[in-house]
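The values are calculated or read from the model by the stated rules, or taken from the named source; none is laboratory data. All figures in this text were calculated on a predicted structure; none of them were measured in a lab. Here the Cβ positions follow ideal geometry from the backbone for every residue, glycine too, while neighbour counts run over all protein chains shown. Heavy atoms of the whole protein, side chains included, go into the accessibility calculation; ligands, DNA and RNA do not. Shrake-Rupley method; radii C 1.70, N 1.55, O 1.52, S 1.80 Å.
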Amino acid sequence: MLSKKLSEALNAQINTELWSAYIYCSMSNWALDAGYEGIAHWFRLQAREEQDHAERLADYIRRQGGKVFYRSIADVPNDWGSPIDLFLDAAKHEEMITKNISNLMQKAMTEGDFATQVFLQWFVTEQVEEEDSLRAILTDLRKIGTCECGCGLHLIDRELLQRSK
Ligand code: OFO
């Protein structure tokens, strides 16, 4: 059984995950408009992942006797200067999500709620993966920073098109 406080905090995280999905949809849309098919595809899959995260949280709240609430989602940005700006924003966003997950874990520990700690462990691991994959893309983008013909960016875009899940 979830405490009211933890149930509210997990519900807030559902909203943040759906907001993340909304941000990544917007990033995908920007990339499509800018002609980066692979980047658009990568962010579209990322948006789906965030929706899955929200569902995972909702299922857990229900299974623990809590009530799920879907609240309004905040506006998201729609414009970026370049692919590197886009990924820098995404990396910053994921760092913020990691802090949120740590705060949730801290709350569960303070309450001695072991089930929620075990549940949140999956998110802790997931955040390591998400931050790492964004860092890897940013490293590649920085490496081609001096390439003026645009072929490096084209290759990265093609590579991102290969993402399958
Ligand atoms: Fe991108 O992370 Fe959800 O949790």
Quantify, in whole percent, the carbon and sulfur part of the accessible surface of the chain (1.4 Å probe; protein heavy atoms only).
53 percent
Cα-based helix-to-principal-axis angle, 83-111 vs the chain, degrees rounded to 10
10 degrees
May I ask for the longest run of the chain untouched by chymotrypsin sites (Phe, Trp or Tyr not before Pro) that are loop-located per DSSP and have at most 14 neighbouring C-beta atoms (other than their own) within 10 Å?
71-165
So, counting K/R as plus one and D/E as minus one, what does the shell of residues with Cβ under 11 Å around S28 add up to?
0
What do you get for the angle between helix 37-63 and the principal long axis of the chain? Use alpha-carbon atoms, 0 to 90 degrees, nearest ten.
0 degrees
Cα-based reach from K5 at 24 Å (exclusive), listing lysines while leaving out same-chain residues under 8 positions away
K67, K99, K107
Any idea of D52's accessible area? Nearest 10 Å², probe 1.4 Å.
90 Å²
For the chain, longest principal axis from Cα atoms; helix 151-160 axis from its Cα atoms; angle between them, nearest 10 degrees, is 30 degrees
Using a probe radius of 1.4 Å on heavy atoms only, what accessible surface per residue do you get for segment 1-119? Whole Å² is fine.
52 Å²
Using θ = phi - 60° and the Karplus form 6.51 cos²θ - 1.76 cosθ + 1.60, what ³J(HN,Hα) does each residue of segment 119-131 get, whole Hz, x for Gly and Pro?
4, 6, 4, 4, 5, 4, 5, 4, 5, 4, 5, 5, 5
Rg and Dmax in Å for segment 1-158, alpha carbons only: what are they?
17.5, 59
